[in-house]
Amino acid sequence: MMNRNTDSLLTLPTPCYVIDQQALTDNLTLLHSIEQQTGCHILLAQKAFSAYHVYPLIARYLSGTTASGLYEARLAHEEMPGKQVHVFSPAYRDEEFDELLNFCDHIVLNSLSQWRHFQEKAQRHPEVSFGLRINPEYSEIETDLYNPCFANSRLGITPENFDEAALEGISGLHFHTMCEQGADTLERTLAVVEKKFGRFFDRIRWINFGGGHHITRPGYDVETLLRCIERIRQRYGLEVYLEPGEAVALNAGYLVTSVLDLTKNGMDLAIVDTSAACHMPDVLEMPYRPMIIGSGEPGVLSRTYRLGGPTCLAGDIIGDYSFEKPLSIGDKLIFTDMAIYSMVKNNTFNGMPLPSIYLLKPDSSTELLKEFGYADFKSRL
Ligand SMILES: *Cc1c(COP(=O)(O)O)cnc(C)c1O
């Protein structure tokens, strides 16, 4: 059960994020076993989770990290030494590329023109492996905001725009077309990738299946994933890379908040000291309804409240939740699955404080990793 040892969180000053070391380790153990069984390489996509205090732990289980640009790549280089650093960006700046060449193992480019632009520099770095992102024009994602294959997408080279001559100096292909999906989606996607790009596979050494693999979700079909990886390895002799973000820290963190006020307007309202807009922006962007330990869907338990943040934004609403007992001012609430796409996306809109970051250890003790204050707000403006 997720909340086996969350009681100790109720004593922490709020708002705070808490990384659950045991839950993270459980995820890493599963990912590591996939690497071991198939010989593939699994990388943490840092854009989902960059809490580098636990990089030493992650480094014990995964092959390395991938980055969305220079800063994430540099963070991995500094905080996960000795592990692979990969990077993909839709377009690199010249200075950025120069720096990346010094510490990246793989650099993936998004277009043939980017490759032509950087090819000469690349040739001076035989220790770096270069790849191209392809767009197989097949994705099962229904929200355009998260679909790299929607019409006129800038992400990846379509079959129509691919040119075999460009493979000179290229050692891998990369696709990223999934989001929170199962291995059945991967299997169907791979069939399309092979059909449209398979004729180039004898010219490359590796293929990167991107992220969006919800491997650590209960019920994920690991057997199908293993079969997909093994088939590509055996049939084409390619090294396989996966770069999940979500799956690494899925259900491995919390956001603890306190009730600041209780009011009414046609229903019970609660204002808490955390903001959807600032501290869990995906609640508004995806959108989705985070879970709170001990709560139910609206109307299920005896008292239903609409929870909102302390900002000026009318839509800073976290969602409707029911509770067994009426809430009181000062009560603490624990949102679950708050490790991913939370700390990396938060902001200080309205001058909101950034939540501190704690680590929940397997023995249920907590350790403060990071605390923020007024200076963090002021220094960015
Ligand atoms: C977002 C992204 C990932 C990680 O995706 P998750 O959904 O967090 O697993 C990996 N690779 C690329 C290129 C991405 O854009």
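When residues in segment 287-303 are screened for being assigned to a loop (DSSP other than H, G, I, E, B) and either among the β-branched types (Val, Ile, Thr) or loosely packed, with under 15 Cβ neighbours inside 10 Å (or both), 9 of them pass. Is there a residue in segment 261-276 that is closer than 24 Å to Ala45 by Cα and either assigned by TED's automatic domain parsing to the domain that holds Gly309 or of a type in the set (A, V, I, L, M, F, W, C) (or both)? So far as segment 261-276 goes, yes, one or more of its residues are closer than 24 Å to Ala45 by Cα and either assigned by TED's automatic domain parsing to the domain that holds Gly309 or of a type in the set (A, V, I, L, M, F, W, C) (or both). For segment 156-190, a residue qualifies if it is within 16 Å of the ligand (Cβ to nearest atom) and on the phi > 0 side of the Ramachandran plot, and the qualifying residues are Gly156, Glu180. Hey, can you tell me all the residues within segment 88-101 that are within 16 Å of the ligand (Cβ to nearest atom) and either out of contact with any Gly (no Cβ under 7 Å at 6 or more places or on another chain) or charged (D, E, K, R) (or both)? The answer is Phe88, Pro90, Ala91, Tyr92, Leu100.
Restrict the check to segment 285-295 and report whether at least one residue is touching a Gly at 6+ places or on another chain (Cβ under 8 Å) and within 30 Å of Met178 (Cβ to Cβ).
Among the residues of segment 285-295, at least one is touching a Gly at 6+ places or on another chain (Cβ under 8 Å) and within 30 Å of Met178 (Cβ to Cβ), which makes the answer yes.
Looking across Val240, Val248, Val193, one residue alone is within 16 Å of the ligand (Cβ to nearest atom) and part of a strand (DSSP E or B). It is Val240. On the stretch given as segment 327-381, residues that are free of Cβ contacts under 8 Å to residues at least 24 places away in the same chain, under 24 Å from Asn5 (Cα atoms) and touching a strand residue (DSSP E or B) at 6+ places or on another chain (Cβ under 9 Å) total 3. When Phe201 is tested against (1) within 22 Å of Glu239 (Cα to Cα); (2) under 26 Å from the mean Cα position of the chain (by Cα); (3) touching a residue at least 24 places away in the same chain (Cβ under 8 Å), exactly one condition is not met: (2). Every condition in (1) in contact (Cβ under 8 Å) with a residue 40 or more places away in the chain; (2) away from the ligand (no atom under 16 Å from the Cβ); (3) touching a Cys at 6+ places or on another chain (Cβ under 9 Å) is met by Val128 except one, and the failing one is (1).
Of the residues making up segment 132-144, those that are surrounded by fewer than 21 Cβ atoms within 10 Å (Cβ to Cβ) and within 12 Å of the ligand (Cβ to nearest atom) number 1.
Condition check ((1) in the same structural domain as Leu62 (by TED's automatic domain parsing); (2) without any contact (Cβ under 8 Å) to a residue 12 or more places away in the chain; (3) within 19 Å of Lys47 (Cα to Cα)) across all residues:
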position: Val87; (1), (2), (3): yes, no, yes
position: Ala91; (1), (2), (3): yes, no, yes
position: Asp94; (1), (2), (3): yes, yes, no
position: Asn102; (1), (2), (3): yes, yes, no
position: Ile107; (1), (2), (3): yes, no, yes
position: Leu112; (1), (2), (3): yes, no, no
position: Arg116; (1), (2), (3): yes, no, no
position: Gln119; (1), (2), (3): yes, no, no
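For Arg303, the conditions (1) farther than 24 Å from Thr6 by Cβ; (2) touching a strand residue (DSSP E or B) at 6+ places or on another chain (Cβ under 6 Å) all hold with the exception of (1). Among the residues of segment 330-381, the ones that are under 24 Å from the mean Cα position of the chain (by Cα), in a helix (DSSP H, G or I) and over 18 Å from Tyr52 (Cβ atoms) come to 1 in all. Of the candidates Ile19, Ile34, the single residue that is within 15 Å of the chain's Cα centre (by Cα), more than 24 Å from Ile157 (Cβ to Cβ) and at pLDDT 95 or above is Ile19. Residue-level check: of (1) away from the ligand (no atom under 16 Å from the Cβ); (2) within 26 Å of Glu285 (Cβ to Cβ), Ser153 misses just (1).
Being buried (at least 18 other Cβ atoms within 10 Å of the Cβ) and among the small types (Gly, Ala, Ser) holds for only one residue in Ser129, Ser171, and it is Ser129.
Please verify whether segment 64-73 includes one or more residues that are assigned by TED's automatic domain parsing to the domain that holds Leu132, of a type in the set (A, V, I, L, M), assigned to a strand (DSSP E or B) and under 18 Å from the mean Cα position of the chain (by Cα). Taking every residue of segment 64-73 in turn, at least one turns out to be assigned by TED's automatic domain parsing to the domain that holds Leu132, of a type in the set (A, V, I, L, M), assigned to a strand (DSSP E or B) and under 18 Å from the mean Cα position of the chain (by Cα). Kindly evaluate Asp184 against the criterion of being closer than 21 Å to Tyr138 by Cα and charged (D, E, K, R). So Asp184 passes the test.
The values are calculated or read from the model by the stated rules, or taken from the named source; none is laboratory data. Treat the numbers as computed from the prediction; the structure is a model and nothing was measured. Counting neighbours? That spans all protein chains shown, and the Cβs are built from the backbone with ideal geometry, glycine included.
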